[in-house]
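Student: I have a structure I would like to understand better, so I am pasting it below and will then ask my questions one at a time.
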Amino acid sequence: MMWGGVSIVAIANNLPMTPQTWVVGAALCSGAALLPDLDHPEATVAHTFGKLTWLLSKGVHWLSHVVYRGTRLRSDANRHGGHRGVTHTLLFAAAAGAGTYAVVEWAHKIALLPLLFLFCALAVRGLLHEWTPKGHVLGVTVLSLGLTVLCWHWIDVGPAEQAMWCAVAVAAGCLAHCLGDAITEQGCPIFWPIPFNGKTWYPVALPKPMRMRTGGRVELGMVLPVLTVLGVWLSLASLQRTGVATWVPFDLLTLHQTPAVVAGH
């Protein structure tokens, strides 16, 4: 959903986005939306590549714990553990985007091969966790390689544009995760290290009566289906404006009979 919204805004402001850019960005954004949970060794994505990513997750968890204990103020919770710490902040989203930009700008198209594979793997593990249990590393790897090859054949943009959209996609995915956590009971310390109400790790969240339990009935039965439909709609609308979904008989945003002029035409 996030990438569909970002691409709609970009096209509306006459920023260049080809169908190839959209596909690669969607893959990166989907994987990056699971990236912040690498601070939790028991999370589904921490088992993407078995022991390898589990050990990485343990390291991220430890680092997040150290940062939390080292930067908490007196009013912050006296908790231990690193989940929903530094990886669940705007600063981390910006850093992930900046790092992606630097790598792609430096190595151009070659850098996208490992990046696509990594983020496709995170997306596969997170989105299809019911079909890819923790022990099915081979299944995740095969599916991720297939998606990587598919996306690889869609890359034909220049290095500067390539790096920019890859960075935006990764940052948007991380931000989407943070916003999703902000509607749950625990909230999300999005604005760390800026203090609010005497807390460096102030948990940004909805009013208490509106918060949901992670994995609860409201989230799975109501919010998730609505977000899924909205995500599909925004994705089709953005593809329509890049010249792909021209088969839709009406404009998906304005609902007019005649489709809007596509980007670049």
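Student: Wrap a convex hull around the Cα atoms of region 1-137, take a quarter of its surface area, and give that in square nanometres. Could the numbers behind the result be given before it?
Tutor: Working: hull surface 41.0 nm².
Mean orientational projected area (region 1-137, Cα hull): 10.2 nm².
Student: Modelled label-to-label distance, LYS58 and ARG72, 7 Å Cα→beta-carbon offset: nm?
Tutor: 2.3 nm
Student: Using packing as a proxy for protection, rank 40-50, 74-84, 163-173, 57-67 so that the peptide with the highest average count of other Cβ atoms within 10 Å comes first. Numbers along the way, then the final one.
Tutor: Numbers: 40-50: 20.3, 74-84: 14.6, 163-173: 25.2, 57-67: 18.0.
Peptide ranking by packing, descending: 163-173, 40-50, 57-67, 74-84.
Student: While we're here: If you rank MET17, MET2 by how much accessible surface each has, with a 1.4 Å probe, what is the order from largest down?
Tutor: Details: MET17 10, MET2 50 Å².
Ranked list, largest accessible area first: MET2, MET17.
The values are calculated or read from the model by the stated rules, or taken from the named source; none is laboratory data. None of the values given here were measured: they were computed from a predicted structure. Cβ atoms come from the backbone with ideal geometry, glycine included; neighbour counts cover every protein chain shown. For the accessible areas, the whole protein counts, side chains as well, though only heavy atoms, and no ligand, DNA or RNA atoms are used. Shrake-Rupley method; radii C 1.70, N 1.55, O 1.52, S 1.80 Å.
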